Amino acid sequence: MIAFLTGSFARKTPSYVHIDVHGVGYEVQISLNTYTHIQDKESGTLHTHLLVREDAQILFGFGDEAEKALFLQLITVSGVGANTARVMLSYMKPDELSRAIVQGNAKVLESIKGIGRKTAERIVVELRDKLAKQP
């Protein structure tokens, strides 16, 4: 597993970056939140999660451990895949998203593209207690 990558940003877009780590270029999917965090930097560290599927291996990168931790919680929910979790983290900052879930505010989650009422309610039910216990 690749826990993090440190290197220079060869290319940055709002949805992915190419990070050069000692001559090896990695394409890493990111949220808008992470893009905002790194957009003015020429180099840096991305905390990563490697998603291995039958047809692809996809790296997701995060500007900090808190965003990565919330992403990992979100993808445990039935119906929430990695791309949906990335979109959720693009619409809201991790602390705002976590707060909405802990407060049971499914309406806020429904305002995110791709999240319907049932999925929003499922996220609240499955993650509310887990996130409330975190510092």
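The values are calculated or read from the model by the stated rules, or taken from the named source; none is laboratory data. Just so it is clear, the model here is predicted, and its values are computed rather than measured. Counting neighbours? That spans all protein chains shown, and the Cβs are built from the backbone with ideal geometry, glycine included.
Summary of computed values
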| quantity | calculated |
| --- | --- |
| Residue list for the stretch 28-82, restricted to those being more than 28 Å from residue 116 (Cβ to Cβ), under 15 Å from the mean Cα position of the chain (by Cα) and exposed (fewer than 14 other Cβ atoms within 10 Å of the Cβ) | 50, 65 |
| Condition met for residue 131 (surrounded by 12 or more Cβ atoms within 10 Å (Cβ to Cβ) and modelled with pLDDT under 95) | yes |
| Residue that is among the acidic types (Asp, Glu) and under 22 Å from residue 98 (Cβ atoms), where the choices are 64, 20, 55 | 64 |
| Scan of the stretch 1-49 for residues that are basic (Lys, Arg) and either closer than 17 Å to residue 86 by Cβ or touching a Ser or Thr at 6+ places or on another chain (Cβ under 9 Å) (or both), ordered by number | 12 |
